[in-house]
Amino acid sequence: MASIALKGQFVSKIIPKNGSFSIIYIKSESYSSDAKTNLAAYKRGTGGRSSFNGIVATVFGCTGFVGRYLCNKLGKIGTQMILPYRGDFYDAARLKVCGDLGQVLFTPFDIRDDESIAKAVRYSNVVINLVGRDYETKNFKYNDVHVEGARRLARISREMGVERFIHLSYLNAEENPKPLVMKTPSMYKISKYLGECAVKEEFPTATIIRASDIYGSEDRFLRSIVSPWRLHTHYMPLYKNGEATIKQPVYVSDVAQAIVNAARDPDTRCQVYQAIGPKRYMWKDLVTWFYRLMRKDESWGFKHYDMKYDPILFPLKVALANKLSPAYPFGCLHWEGLEKEATTDVVDKNLPTLEDLGVTLTHMEDQVPWELKPYRAYLFYIDQLGEFPKPPPPPVYAE
C-alpha cells in the first residue's frame with residue numbers, strides 16, 4: 001500500500017483497474033476554504049441601520065399598524081428585511097428608509113398565491129406574520145386571512161427551511177366565545193383561535209404573541225372611540241355602560257419591541273406570550289378619561305349610557321357606516337369591533353408576558369395624552385396656563 005501526501009489529503013490506496021489506477025482520498029485536515037460558506041450571512045458593522053446582524057426577516061403585513069413600527073425597529077438593529085406587499089407599491093415604499101441601502105427589499109405577493117409567498121421567504125431565516133383584518137370584506141373573510149392565510153404562510157415557511165416563525169394573534173381568541181353585543185359568536189375571535197391552531201400544526205416551533213387592544217399613532221383603538229361616528233352628539237352607548245368590561249391595552253411600540261426580541265432569542269421557540277399593558281382599567285373609566293383629555297368632559301356635555309337603551313338609532317348608524325363604506329367602515333364602526341370593545345381581557349397567569357421578553361412597558365398615562373392631543377376641543381385656541389386643568393388618570397382596576 002502506498003501513501004502520497006497531497007495538500008492536506010493523503011492517498012490511502014492505489015488500486016489497479018483495467019490498466020489504470022483508481023485513487024481513494026481520505027480527509028486528514030479541514031480547511032475553511034473547503035466549506036461552502038455564505039459570506040453575505042456574516043454579521044458585520046458596529047450596530048445600527050448600516051450594519052447587518054445576521055437576521056434576514058420577511059414581514060408579512062409590513063404596511064399595517066404594527067408592521068410600520070416593527071420594520072423601523074428591525075432596521076434600527078441592522079436587520080435585512082424582505083417586505084411583501086399587495087396593491088400599490090407606494091403604500092410600502094415609505095418603509096425603504098427603515099434600513100440602509102440594500103437592506104430593505106420589496107416583493108409583491110398575494111396571500112392566496114403559494115409561489116409569491118415562497119419567493120418572499122426563500123432567503124429568510126425569520127418570518128413574521130402580522131396579517132389580519134378587523135372586519136370582513138367581499139374579497140377577504142376572517143377565515144381567508146386569519147386561518148387559511150396563516151396556515152399557508154406557516155406551511156411554506158417550513159417547506160422553505162425558515163428557522164423561526166412569529167405569529168401575532170389576539171389575547172381573547174377562543175373556540176366558543178360568548179356573544180356580548182352581537183347575537184352570534186364573534187367570528188373574529190374564533191378565526192384568531194383557529195389561526196393559532198393552524199400555525200402550530202404547520203410550524204410546531206412557532207412563537208405566538210397574543211395581543212390585547214393595541215394603541216398608538218394611527219391605531220384603530222383610540223381612533224374608533226374618539227370618532228364622531230361613535231357618538232350621538234355628546235352621548236356614547238357602551239356595553240352595560242362600560243361597567244362589565246376590564247381592559248389592559250398595550251402600546252404598539254412595546255409589541256414591536258417584543259417581536260424584535262423574540263426574533264433574536266432562539267429560546268422563544270414554541271412559546272406563547274401575552275402582549276398586555278402594565279395596568280387594568282374598567283372600560284367606562286378609560287372612555288371618560290379619554291374624553292376629559294380631549295377637553296370634552298361632563299361640562300362639555302359628554303355622557304355614556306347602556307347600549308341596550310338604544311335599540312334603534314345606534315344599530316341604524318352602524319348599518320349606515322358599513323353600507324356607505326363597506327371596504328372601510330366609517331369611524332371603524334362595525335359590530336365585530338363593538339364586540340371586541342366589550343370583551344374583557346382575560347390573562348393567563350401561567351403564560352409569560354412582554355416583560356419576560358425584556359420589554360419595559362409603557363404606561364397609558366404617559367402616552368395617551370399625546371395621542372389624543374389632535375382630537376381636543378378648541379384645538380387652535382391658545383389657552384392660558386392652568387385654564388384647562390390636567391384630568392386625573394383613570395383608577396386602576398383592583399381584582
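Could we say that N139 is assigned by TED's automatic domain parsing to the domain that holds V59, at pLDDT below 95, outside any strand (DSSP E or B) and farther than 27 Å from L357 by Cβ here? Steps first, please.
On the way: assigned by TED's automatic domain parsing to the domain that holds V59: yes; at pLDDT below 95: yes; outside any strand (DSSP E or B): yes; farther than 27 Å from L357 by Cβ: yes.
Yes; evaluated as a whole, the condition is true for this residue.
For D285, are the conditions met, namely being at pLDDT 95 or above, of a type outside the set (S, T, N, Q) and assigned to a loop (DSSP other than H, G, I, E, B)? Even if it seems obvious, please write down each step before you answer.
Working: at pLDDT 95 or above: yes; of a type outside the set (S, T, N, Q): yes; assigned to a loop (DSSP other than H, G, I, E, B): no.
Taking the combined requirement at face value, the residue does not satisfy it.
Scan K192, K183, K200 and give me the residue that is in the same structural domain as G64 (by TED's automatic domain parsing), in contact with a His (Cβ under 6 Å, 6 or more places away or on another chain) and among the basic types (K, R).
On the way: K183 fails: in contact with a His (Cβ under 6 Å, 6 or more places away or on another chain); K200 fails: in contact with a His (Cβ under 6 Å, 6 or more places away or on another chain).
Of the residues listed, the single one that is in the same structural domain as G64 (by TED's automatic domain parsing), in contact with a His (Cβ under 6 Å, 6 or more places away or on another chain) and among the basic types (K, R) is K192.
Just the residues that are aliphatic (A, V, I, L, M) and assigned to a helix (DSSP H, G or I), please, taken from the stretch 78-119.
Within the stretch 78-119, the subset aliphatic (A, V, I, L, M) is 81-83, 92-93, 95, 97, 101, 104-105, 111, 117-118.
Matches in the stretch 78-119: A92, A93, L95, V97, I117, A118.
Evaluate the following for Y42: is it modelled with pLDDT of 90 or more and hydroxyl-bearing (S, T, Y)? Even if it seems obvious, please write down each step before you answer.
On the way: modelled with pLDDT of 90 or more: no; hydroxyl-bearing (S, T, Y): yes.
Considered against the rule, which asks whether it is modelled with pLDDT of 90 or more and hydroxyl-bearing (S, T, Y), Y42 comes out as no.
Applying the selection to the stretch 348-366, what residues are over 18 Å from the mean Cα position of the chain (by Cα) and either surrounded by fewer than 18 Cβ atoms within 10 Å (Cβ to Cβ) or without any contact (Cβ under 8 Å) to a residue 40 or more places away in the chain (or both)? Can you show your working first?
Restricting attention to the stretch 348-366, the residues satisfying the condition of being over 18 Å from the mean Cα position of the chain (by Cα) are 348-351, 363-366.
Correct list: D348, K349, N350, L351, H363, E365, D366.
Among the residues of the stretch 303-344, write down those that are in contact (Cβ under 8 Å) with a residue 60 or more places away in the chain, part of a loop (DSSP other than H, G, I, E, B) and either buried (at least 20 other Cβ atoms within 10 Å of the Cβ) or of a type in the set (A, V, I, L, M) (or both).
Those that are in contact (Cβ under 8 Å) with a residue 60 or more places away in the chain, part of a loop (DSSP other than H, G, I, E, B) and either buried (at least 20 other Cβ atoms within 10 Å of the Cβ) or of a type in the set (A, V, I, L, M) (or both): A327, P329, L333, H334, A342, T343.
Scan the stretch 345-399 for residues that are among the charged types (D, E, K, R), in a loop (DSSP other than H, G, I, E, B) and more than 30 Å from S299 (Cβ to Cβ) and jot them down. Lay out the reasoning, then the answer.
So in the stretch 345-399, the residues among the charged types (D, E, K, R) come out as 345, 348-349, 355-356, 365-366, 371, 373, 376, 383, 387, 390, 399.
Retained after the next criterion (residues that are in a loop (DSSP other than H, G, I, E, B)): 345, 348-349, 376, 383, 387, 390, 399.
Within the stretch 345-399, D345, D348, K349, E399 qualify.
Might you check whether a residue that is in contact (Cβ under 8 Å) with a residue 12 or more places away in the chain, in contact with a helix residue (DSSP H, G or I) (Cβ under 9 Å, 6 or more places away or on another chain), closer than 27 Å to A154 by Cβ and surrounded by fewer than 21 Cβ atoms within 10 Å (Cβ to Cβ) occurs anywhere in the stretch 271-294?
yes
The values are calculated or read from the model by the stated rules, or taken from the named source; none is laboratory data. Source: prediction; values computed, not measured. Please note: Cβ atoms are built from the backbone with ideal geometry, for glycine as well, and neighbour counts cover all protein chains shown.
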